[in-house]
Amino acid sequence: MAIGLSFGLGIDQKLVLFYGLRAVLGLLSAYAEALFYHSISKHFGRRTARYFLYILLFNPGLFHASTAFLPSSFSMVLIMLFTSAWMNRNHYFALFYGVVAVLCGWPYVGVLFIPFAIETLYTRGVMKSILIGAVIAGGVVTLEVFVNFYYYQRWVLPAWNILMYNVLSNETDSTLYGTEPLSYYLLNLALNFNVVALLAVPAALFIFVRPSHDETGRMQLMAYLSPMYIWVAIMFTQAHKEERFLSPVYPLFCLAAAITLSAVVYHIERIFSHARTVGNALSQLIVLGTLGMYSLLSVSRIVSNVVNFGAPLRVYEHLYTKVLPNPTSDMTWNAVMPTVNLCLTKEWYRFPTSFFIPSNSTKVQFVKSSFSGLLPKRFEEHIHGTSIIPSAMNNHNREEPSRYVSINVCDYVVDLNLSSQKEIKLWKEPATWELVHSEQFLDAEQSMSPYRSFYIPMLTPRYVHYADYAIYKRKKAATN
């Protein structure tokens, strides 16, 4: 199918696979969101469900996380499926989704299933619950370890390795990869949820002062929402913080905000029950004002991410389609491609994926930069390359000098041109390096807030500074 699209649409095969994978991930997320919405409508009420859907549709965090091929995003989708099954009393499916999220996704999210586990043990009995859980977990583990064995040629359970490295080991922990203050997550919530972030905080209180729906009691509704508070309590106290760590509970944040907004409207209607015109007008003003401001800021944030930070994707797409040796576009399937060294310096962490490297003839290399940690390493080019244990690795994030090559062997270099950088400034060496292509990328240090975080027409271009995210090609030495 991918090959057919390549020729039919004029798009290279690996790029079709890349964008196709993201489309599939987005569709899976949309499916989970639809089920979650339906369950919320049934148990929290249609008004809450409508607010939830609106918040969900415009959320910048979900816009980014839903198509990301990451354990945190995988867990986010499974948590939506799990919560939907839990609300609908499909305990076996809920247990299955929870087990898959922990064993095949991200083991840390296991804490989110504690309320469900307590309820299941209480309502279904200890022995029956443990037996069914063991059967489901055994089936998932068996399938996963056999898939892993096929690739690694050894029995491996990644979830256990992750826990051993980050939790159970006395020698290693996640702080090796950086620490952030509490304000880091508060700022991320402000950027991804803006005004509705404040609505999510008191949702637990509003559950107990609003009417319950169907046979669902208030304590049961609180149980459905409690994983969000558990996750926040744990993540906010960890020294190592990353934005993606909060994504498993993004949908629950949307639900919490919708609960609060729905409760506020409900109480306004009660207070003004004898003056419905006033009550309805005030309710509409609050709802339209809140959701209107939220959607405006959310769209502004999404546009900012695309306009200000989308350069790496566009640059590497240009590399793939116009610069690097490409057997697909050149129609030379059997020809020997010349070996090309594509080098990265300080921008190594923005390299998107090997889907943007047309063939094995292009080697991605690293040139020494100010970064002093352990860089990634390629798989061995062997039929069993995934099973060969790589050399020169360590579990302390120590720099490994063997990763680096001299810039003299580089044919192309991708870099962000910052005047303050300590690395080589290729744009100042026109005799050696030729600019092939560049895109604008936000220079955060030279840009003002909030214009760098939110795209405001006419104002953002005036108050932010852009640097060139550029491809440079080594010039051929002159011959006599």
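Each value in this text was obtained by applying a stated rule to the coordinates, not by laboratory testing. Source: prediction; values computed, not measured. Don't worry about glycine lacking a Cβ; one is built from the backbone with ideal geometry, like all the others, and counts go over all protein chains shown.
Couple of notes before you dig in:
- Sequence-distant contacts, meaning Cα pairs under 8 Å at least 6 residues apart, place the relative contact order of the range 2-309 at 24 percent.
- The tail of the calculated P(r) for the range 98-220, taken as Cα-Cα distances beyond 25 Å, holds 53 percent of the pairs.
- DSSP beta bridges in the chain [antiparallel fraction, %, rounded to 5]: 60 percent
- Rg [Å, one decimal], Dmax [Å, integer] - the range 328-480, C-alpha atoms: 18.6, 55
- Proximal aspartates and glutamates relative to K14, as straight alpha-carbon distance under 13 Å, when same-chain residues fewer than 8 apart are discounted: E317
- Compactness relative to 2.2 N^0.38 Å, alpha carbon Rg of the chain: 1.12
- With neighbours defined as other Cβ atoms within 10 Å of a residue's Cβ, the residues L285, L191 order from fewest to most as L285, L191.
- A Cβ-based charge dipole, computed about the Cα centre of the chain with Lys and Arg at +1 and Asp and Glu at -1, lands at about 620 debye.
- Calculated [θ] (222 nm, deg cm²/dmol) that DSSP helices of n ≥ 4 give over the chain, each run adding -39,500 (n - 2.57): -16000 deg cm²/dmol
- Formal net charge of residues neighbouring T120 (Cβ-Cβ distance under 13 Å; K, R +1; D, E -1): +2
- Relative contact order computed over the range 111-236 (Cα-Cα under 8 Å; 6+ residues apart), in percent: 33 percent
- Net charge of Cβ neighbours under 10 Å - reference L374; Lys, Arg +1; Asp, Glu -1: +1
- Solitary cysteines of the chain, where the nearest other Cys Cβ is not under 4.7 Å: C104, C254
- Globularity ratio of the range 1-143, using Cα Rg and 2.2 N^0.38 Å: 1.24
- The alpha-carbon of K476 sits under 28 angstrom from the alpha-carbons of these lysines, leaving out residues fewer than 8 places away in its chain: K322, K346, K363, K368, K422, K425, K428.
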